[in-house]
1. In the chain, which longest range has no GluC sites (Glu not before Pro) that are both DSSP loop (not H, G, I, E or B) and surrounded by at most 12 other Cβ atoms within 10 Å?
2. Loop by DSSP (not H, G, I, E, B), at most 10 other beta-carbon atoms within 10 Å: where is the longest site-free stretch of the chain for trypsin sites (Lys or Arg not before Pro)?
3. Among 84, 101, 68, which residue has its Cα furthest toward the positive end of the charge dipole of segment 55-123, with +1 on Lys/Arg Cβ and -1 on Asp/Glu Cβ?
4. Starting from 0.36 nm per residue, how many nanometres of slack lie between residue 35 and residue 79 once their C-alpha separation is accounted for?
5. How would you classify segment 1-61 from its alpha-carbon gyration tensor, with a ≥ b ≥ c the square roots of the eigenvalues: rounded for a/c under 1.5, else prolate if a/b is greater than b/c, otherwise oblate?
6. For residue 122, what is the net charge nearby, where nearby means another residue's Cβ is under 13 Å from its Cβ and Lys, Arg count +1, Asp, Glu -1?
7. Suppose every K and R has +1 on its Cβ and every D and E has -1 on its Cβ; what is the size of the dipole of the chain about the Cα centre, in Debye to the nearest 20?
8. Expressed as a fraction of 2.2 N^0.38 Å, the rule-of-thumb size for a compact globular protein of N residues, what is the C-alpha radius of gyration of the chain?
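Just so it is clear, none of the values below were taken in a lab; they were calculated from the coordinates. Here the structure is a predicted model, which is why all the values come from computation and not from measurement. With ideal geometry, Cβ positions are generated from the backbone for all residues, glycine too; neighbour counts draw on all protein chains shown.
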Amino acid sequence: MTATRDALYRATRDFMARDYAQDVANLNELIRKERSLSANLRPEMPPIPFTGDPFKKKKGDCVLLFGINPRWHDIGTNQYEKEFAESKALIDSFHDGNAEAFYKYLDLRRNYFCSGMKYGRHFTFLENRFRENWYSVDVPWEMHVQSMDCIPWFSTNTNDIDIEEVIYQFTRHPAFIAYIEVIKAMIDHLEPNWIHLNGKMGRLIFEGVFGKSEFDPMFGMDLKKGIRVGHCEIGDWEIPVLSHNFASRSSSPNTIEDWRMMASIWNDWLGLQQ
């Protein structure tokens, strides 16, 4: 456990030590749609390596959840003041040579769900669905659900991001390569039962970068909700993947019954893979 913990610390430190403003400047040009001026990632905010405490998870009894990318909130808003301001100050201090600031920043990310920092509009819906269908505990994030993002830099929307360019750059641009090392180290540490992709964009990225093949539609579910299953090869692991359109939107599994059916079919599918 100590070896994987140390590896995750090292990969995260190396990723967060990068010049994030310069990375975003590069990526805004490289992954923008042809007719867009920019991919609209925010250069003033460092990326998020992970959300929640990976060191409290039940190894081999947890899921690694990926969203699309973290949502930007403007300076002066409640979410900026309670989450972003201190995070940015700590990473900037880390870049100035204060090694202790990096560990304080990690504490913010680890304590996200128990410190009042949680962005409820996004995380509460998912928390309830995981609790109802897989982990009947008060706070699934604590021991069973670890959150990350496919694109770890902030934006207000993803309308100007070219997915094919993201897939191309994921294994070529140094910033994405450094982030892949964080993902690999996270999987080595958690040994998750599966990867859960929240959003079509995330599914396309994982299919294109890590997928053994295109994911298959989940038999028995409405195709319009984008529920697909497959496998990814990441580092030394081959991991089952459940994906669907972005939760709580009309084109996604957005009801309690949707999730109950999806979880039942998924659990049966997992059993057949063993």
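1. Result, exposed sites excluded: 45-213.
2. With trypsin sites (Lys or Arg not before Pro) excluded where exposed in loops, the chain gives 36-171 as its longest stretch.
3. Comparing the listed Cα positions along the dipole, 68 ranks first.
4. 12.7 nm
5. prolate
6. Taking every other residue near residue 122 into account, the sum is +2.
7. Here the size comes out at about 420 debye.
8. Its radius of gyration relative to the 2.2 N^0.38 Å reference: 0.96.
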